Each structure stands twice: as structure tokens, then as C-alpha cells.
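Report on the following structure.
The values are calculated or read from the model by the stated rules, or taken from the named source; none is laboratory data. Note that the structure is a prediction, hence the values are computed from the model and not measured. Here the Cβ positions follow ideal geometry from the backbone for every residue, glycine too, while neighbour counts run over all protein chains shown.
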Amino acid sequence: MKKVLYWLMGEKAGRTIVGAWNWLWGLPVASGGEVSVVVAEESLRSMQESVQKLATAVSTQVAAAPARQN
């Protein structure tokens, strides 16, 4: 299964997906400590990018919304 996922998604994305899957199920992320750190860093970068995109989308929506008068 892991080989198919790596082939389909690429090694970097495959490691991230497998690491996230293992983390969700409470399994060890990877056998080696270095690989675990790489997976954690990639996940953190991905989350930071998602938060940045969300913040941009929210600020765009707030700027486009008509001003409310109370």
C-alpha cells in the first residue's frame, strides 16, 4: 500500500500522508527519528500555508463586505 501511495503521490507527499495516517491511528510515524522529524516539518509547513491561505481569504471577505452601521 505504501509503495502504491509513494508511486501515485510522489515520495514527499507520500511520506506526509503515511505519517499523518499513522499519527491519526496512534502508530509510530516512522521507524527512524530523522524521518519523523522530516514528516513533522512538512506537516507543519503545510498547516502554516493553509492558515495563511485562510487568513487571506477571510481578510478578502471582510474587505468586500459592506460596512455595518450599528
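Brief remarks follow.
- Members of the stretch 9-45 found to be at positive phi and modelled with pLDDT under 80, listed by number: Gly26
- Unmet requirement for Gln48, which otherwise passes all of (1) modelled with pLDDT of 90 or more; (2) surrounded by fewer than 10 Cβ atoms within 10 Å (Cβ to Cβ): (2)
- Residue selected from the stretch 12-27 under the condition loosely packed, with under 10 Cβ neighbours inside 10 Å and not small (Gly, Ala, Ser), by the criterion farthest from Ser46 (Cα to Cα): Trp25
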